[in-house]
1. Looking at (1) within 27 Å of residue 31 (Cβ to Cβ); (2) at pLDDT 90 or above; (3) among the aliphatic types (A, V, I, L, M), can you tell me which one residue 212 breaks?
2. Of (1) farther than 19 Å from residue 351 by Cα; (2) open to solvent by 50 Å² or more (accessible area, probe 1.4 Å), residue 270 satisfies all except one. Which?
3. Any residue in the range 304-320 that's within 20 Å of residue 277 (Cα to Cα): show its pairings with residues that are open to solvent by 70 Å² or more (accessible area, probe 1.4 Å) and part of a helix (DSSP H, G or I) at Cβ separation under 7 Å, as long as the two are six or more apart or on different chains.
4. Do the conditions hold for residue 307, that is, is it over 17 Å from residue 322 (Cβ atoms) and not in a helix (DSSP H, G or I)?
5. Can we say residue 299 is at pLDDT 80 or above and loosely packed, with under 15 Cβ neighbours inside 10 Å?
6. Could you please find all residues in the range 125-174 being among the small types (Gly, Ala, Ser) and modelled with pLDDT of 90 or more?
Amino acid sequence: MPVGVAYSVCCQVLSDVMAEAAPRRVRGSPACLCVLCGLPAAGKSQLTRRIVGTAAEHGWRAAAVSYDELIPEKAYRTEVEEDGLNLTDMHTNWKSYRQAVLHCIEQVLERPEVVMELQSNPLINGAAWQPCVQALLHPKELHTDGMPLLFLLDDNFYYPSMRYEVYQLARKLSLGFCQVYLQCDLETCIRRNQSRPKPIPVKVIMEMEKRLEFPNPQKNPWESQSISLNSTNDVSKSDIQRVMDLVSVALDNPLSPAEDNSEQKEADRLKCATSVVHQADQVCRRLISEAMKAARENQVPSEHMRVLAARLNECKATFLHDLRKRFLQETCFLQEEDISVEQVVNIFDDKKNEILSQFISNHKTM
């Protein structure tokens, strides 16, 4: 039987089984979304496999939701501007894909019968999603009413806003929510990454290390169910037990929709910050393009043009990071329409002009 036909038949059978089991999950089975975050090669996938292998001993059905496997490789391609690499582009490009993964999880929990639709979702690798669903709703285990479901979300989640999206889903569906941050030094991550079949560019890991904001319950109360594990060396059995205890607490204390609008305000603030940074990014791109054009008109050599592009992109990345950080730290809540992006970007424009003038001046004095 051709592979495509076999996959479709398998999905149809799985869909029928899940449709019968749907009322049991929605009405009787507790569930938990566990976020595993940290730098690339920090050990998240290895920890995920160990948790999945241990979950059955606790009477849980667990599935690894690996973003690397579910999200197509094209989503990780960043735009290169004159040999410049931009992590902000990656954050923007990944957003729709991350939301698609969460949508798939929501569909499995609320409407398992739609699993056939997921394989045609252009943002999700259907072949990689199938094992996730099978692990959670295996026919041999469906006789067990109320068996807890555990989703292990394996990704970098280097911004709080990325993790907050998962928290929002957990609150919407009254699920348990917890986070495990794998703390691993940069050198070890780079060394491990280099031994992978498809290593991530070192520049990306180094830039992500600068941007990474680990869970901070003091700053973000919604991150209260979080622990940190040192994964520079192999994770120990006691670490695994800590994760299991964390999940148990989360399962016993599912989230519920907030009675006031404080959480919604936080969500709106994050959304507004993301939008402002995105708009600022677009303006900065235009300014960089204008600067490169001016440099060419002043006959700056090609080798210097590459250095100039790298300097400008580095300056832009730092500016956008600081902009986002300052915006989120504002105590007052600003509406997006109250913010003039052009005025905000004036800071970057001044720095851009300074760098450009330096390159043109150096070229003329050579």
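1. With (1) within 27 Å of residue 31 (Cβ to Cβ); (2) at pLDDT 90 or above; (3) among the aliphatic types (A, V, I, L, M) applied to residue 212, the lone miss is (1).
2. (2)
3. What qualifies is 315/351; 319/347.
4. Working: over 17 Å from residue 322 (Cβ atoms): yes; not in a helix (DSSP H, G or I): no.
Considered against the rule, which asks whether it is over 17 Å from residue 322 (Cβ atoms) and not in a helix (DSSP H, G or I), residue 307 comes out as no.
5. yes
6. Once the filter is applied, which keeps residues that are among the small types (Gly, Ala, Ser) and modelled with pLDDT of 90 or more, the range 125-174 yields 170, 174.
Let's see how each residue does on (1) assigned to a helix (DSSP H, G or I); (2) open to solvent by less than 90 Å² (accessible area, probe 1.4 Å); (3) touching a residue at least 12 places away in the same chain (Cβ under 8 Å):
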| position | (1), (2), (3) |
| --- | --- |
| 177 | no, yes, yes |
| 189 | yes, yes, yes |
| 215 | no, yes, yes |
| 228 | no, yes, yes |
| 232 | no, yes, yes |
| 240 | yes, yes, yes |
| 245 | yes, yes, no |
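Residue by residue, here is whether (1) modelled with pLDDT under 95; (2) more than 28 Å from residue 315 (Cα to Cα) holds:
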{"site": "229", "(1), (2)": "no, yes"}
{"site": "237", "(1), (2)": "yes, yes"}
{"site": "243", "(1), (2)": "no, yes"}
{"site": "255", "(1), (2)": "yes, yes"}
{"site": "258", "(1), (2)": "yes, yes"}
{"site": "265", "(1), (2)": "yes, yes"}
{"site": "268", "(1), (2)": "yes, no"}
{"site": "274", "(1), (2)": "yes, no"}
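The values are calculated or read from the model by the stated rules, or taken from the named source; none is laboratory data. Bear in mind the structure is a predicted one, so any value in this text is a computation, not a measurement. As a convention, Cβ positions derive from the backbone with ideal geometry for all residues, glycine included, and neighbour counts pool all protein chains shown. These area figures cover heavy atoms from the full protein model, side chains too; ligands, DNA and RNA do not enter into them. Shrake-Rupley method; radii C 1.70, N 1.55, O 1.52, S 1.80 Å.
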